[in-house]
């Protein structure tokens, strides 16, 4: 029916206890779920997404990222700090230059899966 918003709502009152028990048995502890939610919140900022994309392509210093995105170094440093705190990026020093890169292949996989999903929609 056109315009009926109730098509996606269950119209029964049956509790499927076996399903609930199975899911509840495997449900991660609250602390881990909060950490996962915080992890995904980091992806909610377009500047951080741009930085992650850039770092998925190439290891870069703050100056290069700032030039690429047309932003000041202070703003980039702030976002990199957030990304470091959540374990998404790492850095290495080469003399006076600090280079940033994705922390590991898991980060690239999450990023790539996100792109695959939005391209699928």
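The values are calculated or read from the model by the stated rules, or taken from the named source; none is laboratory data. This is a predicted model, so every value here is computed, not measured. Using ideal geometry, Cβ is built from the backbone for each residue, glycine included, and neighbour counts are taken over all protein chains shown.
All of (1) in contact (Cβ under 8 Å) with a residue 24 or more places away in the chain; (2) more than 19 Å from residue 111 (Cα to Cα); (3) loosely packed, with under 15 Cβ neighbours inside 10 Å hold for residue 61 with one exception: (3).
Quick one: is residue 84 closer than 26 Å to residue 34 by Cβ, surrounded by fewer than 16 Cβ atoms within 10 Å (Cβ to Cβ) and in contact (Cβ under 8 Å) with a residue 40 or more places away in the chain?
no
Limited to the range 97-121, what total is found for residues that are assigned to a loop (DSSP other than H, G, I, E, B) and either modelled with pLDDT of 95 or more or surrounded by 14 or more Cβ atoms within 10 Å (Cβ to Cβ) (or both)? I'd like the intermediate steps shown before the answer.
First, pick out the residues of the range 97-121 that are assigned to a loop (DSSP other than H, G, I, E, B): 103-104, 121.
Restricting the remaining residues to those that are either modelled with pLDDT of 95 or more or surrounded by 14 or more Cβ atoms within 10 Å (Cβ to Cβ) (or both) gives 103.
Summing the residues that are assigned to a loop (DSSP other than H, G, I, E, B) and either modelled with pLDDT of 95 or more or surrounded by 14 or more Cβ atoms within 10 Å (Cβ to Cβ) (or both) in the range 97-121 gives 1.
Considering every residue within the range 33-46, establish whether at least one is modelled with pLDDT of 95 or more and over 30 Å from residue 76 (Cβ atoms). Scanning the range 33-46 turns up at least one residue that is modelled with pLDDT of 95 or more and over 30 Å from residue 76 (Cβ atoms). Scanning the range 70-86 for residues that are in a loop (DSSP other than H, G, I, E, B) and in contact with a helix residue (DSSP H, G or I) (Cβ under 8 Å, 6 or more places away or on another chain) turns up 71, 72, 86.
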